[in-house]
Amino acid sequence: MHYMTVLSRIRSAVLNPAWICLIWLGLIVGISFVATPARFGAESITRPIALDVSRDVFVAQNQVELLALVLLLVVVRISGRSRDLWAWCAGLILIVIAQNAWLTPELSARTDMMLAGIEPPSSHAHAIYGTLELVKAAVLLFLGIRSLSENG
């Protein structure tokens with residue numbers, strides 16, 4: 001009987017969207033809010049190197065976030081929490097699409113220009129990307145905490 005209880009708890013944990021939300025949140029905090037500002041603040045790293053590395057890191061982060069989003073949507077659907085969490089997931093879908101399809105390519109093109117010694121025209125893309133990162137982090141924190149409290 002103990003074996004079945006353990007399996008039931010494992011199943012319940014895997015089907016709780018909280019683990020995806022909180023791991024994804026950790027990725028955002030680690031990359032967007034800690035590593036990137038540190039990279040640009042490091043005196044030993046030139047601005048072109050910081051730009052080049054950041055571009056590659058954010059492209060990779062966006063790919064991992066697409067995977068996290070798909071996994072979250074699957075777990076939310078399978079767990080039966082679609083009704084409660086769908087609107088929040090839809091917001092995440094819009095943010096991830098905006099970042100992947102519009103903002104990351106625009107910021108990457110701006111980086112290419114800067115690396116070529118060309119000052120790009122003024123743009124709000126970086127501010128919008130940063131704002132969406134904050135909103136995405138807040139939604140993930142909310143969903144993670146809400147999912148944990150519902151599992152209790």
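With springs only between Cα atoms under 10 Å, which of ALA116, ALA38, ALA13 fluctuates most in a Gaussian network model of the chain? Checking each option, the largest mean-square fluctuation is seen for ALA116. Relative contact order for the chain: 43 percent, from Cα pairs under 8 Å spaced at least 6 residues apart, divided by residue count.
For the peptides 28-37, 41-50, the ranking by packing is 28-37, 41-50, with the highest mean count of neighbouring Cβ atoms within 10 Å listed first. Under a model in which nothing but the beta-carbon of Lys, Arg (+1) and Asp, Glu (-1) is charged, the stretch 2-151 shows a dipole of about 640 debye around its Cα centre.
Can you tell me the orientation of helix 104-115 relative to the chain, as the angle in degrees between its alpha-carbon axis and the longest Cα principal axis, to the nearest 10? Roughly 30 degrees, rounded to the nearest 10.
Using the Cβ-Cβ distance between ILE49 and ALA98 with R0 set to 30 Å, the FRET efficiency works out to roughly 0.65.
All of the numbers you see were taken from the coordinates with simple rules; none came from a lab. Just so it is clear, the structure is predicted and the values come from calculations on it, not from any experiment. Every residue, glycine as well, gets a Cβ built from its backbone with ideal geometry; the counts of neighbours run over all protein chains shown.
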